[in-house]
Amino acid sequence: MSFVTTKDGTQIFYKDWGPKSATPIVFSHGWPLCSDDWDAQLLFFLANGYRVIAHDRRGHGRSTQTDTGNDMDTYAADLAFLTDHLDLKGAVHIGHSTGGGEVARYVSRAKPGRVSKAVLVGAVPPIMVKSASNPGGTPIEVFDGFRAALAANRAQFFLDVPSGPFYGFNRPGAKVSQGIIQNWWRQGMMGGAKAHYDCIKAFSETDQTEDLKKIDVPTLVMHGDDDQVVPIADSGLLSVKLLKHGQLKVYKGLPHGMLTTHAEILNPDLLAFVRS
């Protein structure tokens, strides 16, 4: 297995598949998952001749179960450390959910030449939590509930989320996949409870308005309009207005985890954007 060790001693696990001379596509996963959540995209882009890279965020998956640094600044710094280590040039960065926040912060600060394009899928920016300046946001009590459920019984909580809102399996007529639910649970339970607890604050309370304004590469915003985890009205629809070169693609009726449940729809759209 491949790891890179950051300046604070954290080991970041990563996959790096495909020809090293090909265009690199870097994937940042959502909470509380790991790089395995990108299986459908990694294999798809690999088959199309690209170099694919995906890492486990600190505290998640096979990376060090850190009790510090579980914040968006450090996530972006870890990603920068990895891209420097691999000396990636002209990479396309794709982030889902919390990973979209990580991508937005990294791309807004990336060294010249490192990034060519970005994709935010069901991503948390600009900011999720409700406030006087963000009246359409999700109330803090919802995130407090996440923390309480995680602390009380993480194993059960990590079954409840994928069984319900994450993949839209709580919708009438939904085609429920037990394998997808169990794989979400497997990925979640690989990580550290402290990092997962801290990450709830990171993904819900980090204001990334300025990050989005600073991004100067073409950026595709993809969002399901039935996203019950990161509602589109307070995320994707706002983000595209802040981006200099943003374009929005809305997926009618699709859930937060649409990259997994509807990979056959999203993957060709991702490929078209990468090739454009």
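The values are calculated or read from the model by the stated rules, or taken from the named source; none is laboratory data. Here the structure is a predicted model, which is why all the values come from computation and not from measurement. No Cβ is skipped: glycine too gets one built from the backbone with ideal geometry, and neighbour counts run over all protein chains shown. In case anyone asks, the SASA skips ligands and DNA or RNA and just uses the protein heavy atoms, side chains included. Shrake-Rupley method; radii C 1.70, N 1.55, O 1.52, S 1.80 Å.
A compact table of results
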item: Selection status of Lys249, part of a strand (DSSP E or B) and open to solvent by 10 Å² or more (accessible area, probe 1.4 Å); result: yes
item: Helices (runs of 4 or more DSSP H) enclosed by region 6-109 - at least 1 residues per element that are among the aromatic types (Phe, Trp, Tyr) and closer than 16 Å to His196 by Cα; result: 72-86
item: From the options Asp160, Asp198, Asp144, residue that is at pLDDT 95 or above, farther than 14 Å from Pro32 by Cα and acidic (Asp, Glu); result: Asp144
item: Search result, residues across region 210-233 that are in a helix (DSSP H, G or I) and either at pLDDT below 95 or open to solvent by 20 Å² or more (accessible area, probe 1.4 Å) (or both); result: Glu210, Lys213, Lys214, Ile232, Ala233
item: Matching residues in region 19-43 - criterion: being more than 18 Å from the chain's Cα centre (by Cα) and open to solvent by 40 Å² or more (accessible area, probe 1.4 Å); result: Pro19, Lys20, Ser21, Thr23
item: Gly59 being open to solvent by less than 10 Å² (accessible area, probe 1.4 Å) and under 30 Å from Val176 (Cβ atoms); result: yes
item: Options Gly113, Gly101, Gly90; residue that is closer than 22 Å to His256 by Cα and of a type outside the set (Ser, Thr, Tyr); result: Gly101
item: Near pairs, Cβ below 8 angstrom, 6+ apart or cross-chain, from region 168-186 (on the phi < 0 side of the Ramachandran plot) to any residue that is of a type in the set (A, V, I, L, M); result: Phe169/Val176; Phe169/Ile181; Ile181/Leu159; Trp184/Leu33; Trp184/Val161; Trp185/Ala155; Trp185/Leu159
